[in-house]
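Quick note: the coordinates plus some simple rules give every number you see, no bench work behind them. Fair warning: this is a prediction, and the values are worked out from it, not measured in the lab. Quick reminder, even Gly has a Cβ in these numbers, built from the backbone with ideal geometry, and neighbours come from all protein chains shown.
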Amino acid sequence: MEKIRKYKLIPTFSDSFGTGWKVMLDNFLRLLLVVIILAILTGPMKGLNFHFDGHNFKDFPWKWEGDWNQIFGLASIGVFAVFIGLIALAYVFLALPVVKYGGKMIFVQAVRRIKPDFELLISGFWTNYLNIILANLLVFALVIIGLFALLVPGIIIACRLAFVGYIVMDKKLDPIEAVELSWKLTKGKGWTIFLMGFVSFFICIFGLALFLVGILPASIWISSSFASLYQSVLNEKEKPVETPAAQI
């Protein structure tokens, strides 16, 4: 008989990464597929990072020589650039969050020993779309405002709202309720989340150093660890309060 691996769901740094490692080993192929799909879907945005310098425009005909075709050509380039930019923004804010939030919930299912449902990657488009999009926009706006306020508040907000994606998918709450619940659940856990995020950066660097292929298991481990932290905090907060038996 195959030995069932026990998950230690305690909301600490070491236990979250330890449980995340076990979850990764127990569901490696399924979670690998999720990570690959997410990498493919987020890849187009990374390909839109254009870098220009003076050499790119050295031979560009900046001086107008009375040729209207030159003006129309420049206008066409500008319109095309604006169009591509709008498509990219729509993809980032109106489509990508659904897939990313669905991926988060798949990792939570793995922590709960539920067979991961790949349909979660797209089911948000017809079951919980508005809440996902608005929650993502709200978190993005709050973090950006915090970052402009001397950086540190933005980091604090990002840590305290780390569970919003899980909550929207798991509890089906609206954006405001999800933000409020995440803030409540992460009370006293901010440093744990920050430290996990800090260490995750170096795990990714180490994964990239292993001929790039290592980034895949590194991503699985990180996502499983954060899902483990979410579930352990949820268990801790939702644990029923034991009342002493009445004396006779």
Notebook entry, point to check: So how much slack lies between PHE140 and LYS171, counting 0.36 nm per residue of separation and subtracting their Cα-Cα distance, in nm?
Noted result: 9.1 nm
Next item on the list: Apply 1/(1 + (r/R0)^6) to the Cβ-Cβ distance of ALA75 and PHE148, taking R0 = 35 Å, and write down the FRET efficiency to the nearest 0.05.
Entry: 0.55
Margin query: Taking the Cα centre as origin and putting +1 on Lys and Arg beta-carbons and -1 on Asp and Glu beta-carbons, what dipole magnitude results for the stretch 92-248, to the nearest 20 debye?
Written below: 180
Checklist line | Simple label model, 7 Å out from Cα along Cβ direction - LEU208 to LEU29, nm | finding: 3.1
Notebook entry, point to check: Stretch ILE156-LYS237 to full length: gain in nm at 0.36 nm per residue minus the Cα-Cα span?
Noted result: 27.1 nm
Next item on the list: Determine the sum of side-chain charges near VAL98: Lys and Arg each +1, Asp and Glu each -1, restricted to other residues whose C-beta is under 13 angstrom from that of VAL98.
Entry: +1
Note to self: Between TYR91 and ARG113, what is 0.36 nm times their sequence separation minus the Cα-Cα distance? Round to one decimal in nm.
What the structure shows: 4.7 nm
